[in-house]
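S.K.: Quick one: structure below, then a few questions.
The values are calculated or read from the model by the stated rules, or taken from the named source; none is laboratory data. Everything numeric here is computed off the predicted structure, so don't read it as measured data. Here the Cβ is made from the backbone with ideal geometry for all residues, glycine too, and neighbour counts use every protein chain on show.
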């Protein structure tokens, strides 16, 4: 058996790590790997039932001090939901960077702070946003991917004031949803990127559903969670020949000693059309 991996999932907002890689994280926890999460921003402005829902329909929002206090309270509610979602996946280590989600940019202080965190935690594998998602820098998901890539470069060298030695990761997997989705905007047509890895999460999709249900204040629970899993993870599953999957884009080509023919490819080659359709048409009970 290989040594356990250290896997770090880095998301822009409180919900991102769960809807993009919750099933994959659960698998690695089940096999004994260390899995940690970083939530880069407090996310108080995004998908919140008070800040981004009720206030959208107000004539005026509260004054600066009251609004700031309210956003701090909502951010703490979101943080508690993230902790609950992590417990549903068996993940114990979650780190909140608390960056403001107003305008997220790959600035030097944020990159340097994340680089020092990477040297300290020494992850082997990074899961994060695609750096050109949704057009690039004005998309907070893409900005997070760029922050991660800059931080990884910096973490591979020394930095005055940080006594930890340089650190490099084995592989980076970008979340496929958004990076290689159905084109619906002009920016989606750029690059020709595609998902080149699917993780079968059929056996842990109930854990992912529980994690999304924990994110109640953000609107991710209930009907949205079920719709999202069927449409996104179900679509990835169909592409990968299973019921539910999460899609990824590998940052780096891999080297193997022999050709990497997977057990899934072997099984698929032996199945008839109807057997394959039955496998990816399966739906778990979601009630």
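S.K.: Going through segment 118-147 one residue at a time, which ones are over 20 Å from residue 194 (Cα atoms), in a helix (DSSP H, G or I) and modelled with pLDDT of 95 or more?
M.R.: Across segment 118-147, the qualifying residues are 118, 119, 120, 121, 147.
S.K.: Among the residues of segment 59-85 satisfying the criterion of being in contact (Cβ under 8 Å) with a residue 12 or more places away in the chain and farther than 21 Å from residue 114 by Cβ, which is surrounded by the most Cβ atoms within 10 Å (Cβ to Cβ)?
M.R.: Among those that are in contact (Cβ under 8 Å) with a residue 12 or more places away in the chain and farther than 21 Å from residue 114 by Cβ, it is 85.
S.K.: Just need a number here: residues in segment 96-125 that are under 24 Å from residue 29 (Cα atoms) and loosely packed, with under 14 Cβ neighbours inside 10 Å.
M.R.: Final tally of qualifying residues: 1.
S.K.: Now a separate question. Would you pick out the residues in segment 252-285 that are assigned to a loop (DSSP other than H, G, I, E, B), without any contact (Cβ under 8 Å) to a residue 12 or more places away in the chain and under 28 Å from the mean Cα position of the chain (by Cα)?
M.R.: Correct list: 253, 255, 256, 260, 261, 262, 285.
S.K.: Consider residue 2 carefully, then state whether it is in a loop (DSSP other than H, G, I, E, B), over 10 Å from the mean Cα position of the chain (by Cα) and buried (at least 24 other Cβ atoms within 10 Å of the Cβ).
M.R.: In short, no.
S.K.: Going through segment 150-209 one residue at a time, which ones are modelled with pLDDT of 95 or more, in a loop (DSSP other than H, G, I, E, B), surrounded by 16 or more Cβ atoms within 10 Å (Cβ to Cβ) and within 21 Å of the chain's Cα centre (by Cα)?
M.R.: Correct list: 169, 201.
S.K.: Can you pull out the residues in segment 32-58 that are surrounded by fewer than 24 Cβ atoms within 10 Å (Cβ to Cβ), at pLDDT below 95 and assigned to a loop (DSSP other than H, G, I, E, B)?
M.R.: If the condition is that a residue be surrounded by fewer than 24 Cβ atoms within 10 Å (Cβ to Cβ), at pLDDT below 95 and assigned to a loop (DSSP other than H, G, I, E, B), then 42, 45, 46, 47, 48, 58 are the ones that fit.
S.K.: Taking segment 82-93 on its own, how many of its residues are in a helix (DSSP H, G or I) and touching a helix residue (DSSP H, G or I) at 6+ places or on another chain (Cβ under 6 Å)?
M.R.: Number satisfying all stated conditions: 3.
S.K.: Anything in segment 219-251 that is surrounded by fewer than 21 Cβ atoms within 10 Å (Cβ to Cβ) and assigned to a strand (DSSP E or B)? List them, or say none.
M.R.: Result: 249, 250.
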